[in-house]
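Next up is a structure, given as structure tokens.
The values are calculated or read from the model by the stated rules, or taken from the named source; none is laboratory data. Note that the structure is a prediction, hence the values are computed from the model and not measured. Note that each Cβ is placed from the backbone with ideal geometry, even for glycine, and that neighbours are counted across all protein chains shown.
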Amino acid sequence: MLATALHYSHTLLKEVLQPGETAVDATMGNGHDTLLLAELVGRTGHVYAFDLQAQALENTAARLSEAGLTQRVTLIQKGHETLAHHLPEALPVKAAVFNLGYLPQSDKSVITLPATTRQALDALLVRLAPRGRIILVCYYGHAGGPEELASVRAYCEGLPQEQYNVLNYQFINQKNQPPILFCIERKPF
Ligand SMILES: C[S@@+](CC[C@H](N)C(=O)[O-])C[C@H]1O[C@@H](n2cnc3c(N)ncnc32)[C@H](O)[C@@H]1O
């Protein structure tokens, strides 16, 4: 069976992220992606995870604690647009993931937004290691979702092919707006 966008995002992360490397979860939510990244970076790597909502940090902290992986992650209760204030510019990021939209069973008014998503992408591109990947899974069925999807698509389409490979993965015959995935991969120098 073809993988869902969410499942495929995990495959794309597992293919590149190695023990000892640095990763970013730009939208931690309930911490499912944060946990995967923490497993992949091993004892010597590190994950920086962002979310605006205290509930997201609580849920993610509990998930990491249960797995014994708390030490591998810095949880930041700030928007991902502040990424440049939290990660040194010289620190190479091997993988980053965004799940754009709102946190299910939570405050649907707290959604990711085109301008701040672009700001975070700009900050990540400066830090992205050769063969590093930024993965965006766009949920767009809510108010504001189509505008954000269009913004992400335009951003991705505008990246120079000399420096980046950009992938778009989506099902085109499914109802109810299934999420759409984009993957930006930096070409080796
Ligand atoms: C679709 S959910 C993420 C789900 C998450 N990957 C998980 O495993 O549960 C989107 C999250 O983005 C968060 N968010 C919204 N604006 C944000 C911003 N500017 N920076 C970081 N996170 C933001 C929301 O609070 C919400 O928790």
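Just the residues that are within 12 Å of Tyr48 (Cβ to Cβ), in contact with a Phe, Trp or Tyr (Cβ under 8 Å, 6 or more places away or on another chain) and in a loop (DSSP other than H, G, I, E, B), please, taken from the stretch 86-118.
Leu87
Let me ask something else about it. Got a sec? Which of Leu6, Leu13, Leu83 is surrounded by fewer than 21 Cβ atoms within 10 Å (Cβ to Cβ), modelled with pLDDT of 95 or more, part of a helix (DSSP H, G or I) and in contact with a strand residue (DSSP E or B) (Cβ under 9 Å, 6 or more places away or on another chain)? Before the answer, list the steps.
Numbers: Leu13 fails: surrounded by fewer than 21 Cβ atoms within 10 Å (Cβ to Cβ); Leu83 fails: surrounded by fewer than 21 Cβ atoms within 10 Å (Cβ to Cβ).
The conditions single out Leu6.
Would it be correct to say that Lys175 is farther than 17 Å from Arg133 by Cβ and basic (Lys, Arg)? Let's see the steps before the verdict.
Working: farther than 17 Å from Arg133 by Cβ: yes; basic (Lys, Arg): yes.
It is true that Lys175 is farther than 17 Å from Arg133 by Cβ and basic (Lys, Arg).
Looking at this structure, is Val24 surrounded by 23 or more Cβ atoms within 10 Å (Cβ to Cβ) and within 19 Å of Leu167 (Cβ to Cβ)? If you could, list the steps in order and put the result at the bottom.
Details: surrounded by 23 or more Cβ atoms within 10 Å (Cβ to Cβ): yes; within 19 Å of Leu167 (Cβ to Cβ): yes.
Yes; evaluated as a whole, the condition is true for this residue.
Determine which member of the set Val97, Val41 is of a type in the set (A, V, I, L, M, F, W, C), within 20 Å of Phe182 (Cβ to Cβ) and touching a residue at least 12 places away in the same chain (Cβ under 8 Å).
Working: Val41 fails: within 20 Å of Phe182 (Cβ to Cβ).
When all the criteria are applied, what remains is Val97.
Kindly indicate which of Ala150, Ala143 is part of a loop (DSSP other than H, G, I, E, B) and surrounded by fewer than 18 Cβ atoms within 10 Å (Cβ to Cβ).
On the way: Ala150 fails: part of a loop (DSSP other than H, G, I, E, B).
Only one candidate passes the filter, namely Ala143.
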